[in-house]
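First the structure, in the form of structure tokens, and then the observations on it.
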Amino acid sequence: MPDLSFFKPQSSQGWLAWVLVFFFVAFSFTSDQFLTLQNLLDLTETYAVTGIFALGLFVVLVTGGIDISFAAVASVVQYAIASLFVHFGFDNAPLSILLAIACGTLFGVINAVLIYWLRIVSIIITISMQALLFGMLMWITEGRSLYNLPEWWVTLHNILPFNVHGQTYQIGLPLTIMLVIAAITWLLLNKTHLGRQLYATGGDQESARRIGIRVGLIHILAYGWLGALAAVGGLVQVYRVGEVVPNALVGGELDVLAATVLGGASLMGGKGTVTGTLMGVFLIAILKNGLNLVGVSSYFMNIVIGVVIMVAITVTHYKKRRETDVSFV
């Protein structure tokens, strides 16, 4: 009898891989438009911004925190950079990008300071920050979109064009940026002393403090990293659509949270991988794209995403309890 233990997943990423394969095959049979190279490339480009946000949120989750203000931060940053061009003619690409990242990082640091030094629960602070930033943005701008943007921001670039059966395809800039950020995040978490400190802080904050880890600075690093990636994601989103819409990003936080949790990140901190996070992003992408192609209502998609998050959190919490259960009963 053949040994089937090879096919049994040994980790949450293993289970997620099987789920990805299942839905990939299922949608390939239910829609003849799903398994096409153009659809798959469009899928990765469309969810590149979600991936960028998820990689930032993942680092925060590793430390045991949570931040849902990233979409509002991205919206504020992209509108501020566009306004500099529209009202003052500021058209310097490198300085604009650096300014955007600096602003995003600043918002992240503010969150970290309020959470750590004031001892306030992270979700309360970040909900408040999200409401404050988005409310101020909509009030000041009156919801007006900006269309007159600098050429460096909206000119499409061919990063890796290639031909298949005489048809030209390309790997776009959004996917390239997401993969570069994923590589940097992986190196930070797996090959640096700071990465080990991030995991240690999420595993047990008090123990981390006792062994000399400066927990406050670790929080600043994590939330600042998310703020920086929120800014990058905001810039990439404008590059894709060619306009700045104040409320375009707010409301998509659920997909990002779902992706990180599905990827194995624990809401209690100390767990998860970059690879798992990317797999979670593309599971959400495949689900939404596949359901859309087979004609499922967009409202039902939200139900599916909600159920997926609930199942993932339940499984994670159950595994955590099994690992920490030392009772003799």
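The values are calculated or read from the model by the stated rules, or taken from the named source; none is laboratory data. All values reported here derive from a predicted model rather than from experimental measurement. Positions of Cβ are generated from backbone atoms using ideal geometry, with glycine treated the same way; all protein chains shown enter the neighbour counts. All accessible areas refer to the heavy atoms of the entire protein, side chains included, with ligands and DNA or RNA removed. Shrake-Rupley method; radii C 1.70, N 1.55, O 1.52, S 1.80 Å.
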Open to solvent by 30 Å² or more (accessible area, probe 1.4 Å), without any contact (Cβ under 8 Å) to a residue 12 or more places away in the chain, farther than 30 Å from V215 by Cα and polar (S, T, N, Q), is that true of N292?
yes
So for the stretch 245-255 (the condition being among the small types (G, A, S), farther than 16 Å from T44 by Cα, free of Cβ contacts under 8 Å to residues at least 24 places away in the same chain and open to solvent by 30 Å² or more (accessible area, probe 1.4 Å)), does at least one residue qualify?
no
Looking only at the stretch 182-195, how many residues end up being surrounded by 17 or more Cβ atoms within 10 Å (Cβ to Cβ), at pLDDT 95 or above and not hydroxyl-bearing (S, T, Y)?
2
Single match in R214, R240 (criterion: open to solvent by 50 Å² or more (accessible area, probe 1.4 Å), under 22 Å from S96 (Cβ atoms) and either over 18 Å from the mean Cα position of the chain (by Cα) or not small (G, A, S) (or both))
R240
If you take the residues of the stretch 1-29 that are open to solvent by 90 Å² or more (accessible area, probe 1.4 Å) and modelled with pLDDT of 70 or more, which of them is nearest to G272 (Cα to Cα)?
W15
May I ask you to say which residue of T141, T46, T50 is hydroxyl-bearing (S, T, Y) and under 19 Å from T185 (Cβ atoms)?
T50
Output the number of residues of the stretch 77-101 satisfying the condition of being in contact (Cβ under 8 Å) with a residue 24 or more places away in the chain and either open to solvent by 60 Å² or more (accessible area, probe 1.4 Å) or more than 24 Å from I52 (Cα to Cα) (or both).
4
Does the stretch 256-266 contain at least one residue that is assigned to a helix (DSSP H, G or I) and either free of Cβ contacts under 8 Å to residues at least 24 places away in the same chain or surrounded by fewer than 18 Cβ atoms within 10 Å (Cβ to Cβ) (or both)?
no
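Which residue out of L133, L198, L149, L160 is open to solvent by 50 Å² or more (accessible area, probe 1.4 Å) and either assigned to a strand (DSSP E or B) or among the aliphatic types (A, V, I, L, M) (or both)? Walk me through it before giving the result.
Working: L133 fails: open to solvent by 50 Å² or more (accessible area, probe 1.4 Å); L198 fails: open to solvent by 50 Å² or more (accessible area, probe 1.4 Å); L149 fails: open to solvent by 50 Å² or more (accessible area, probe 1.4 Å).
When all the criteria are applied, what remains is L160.
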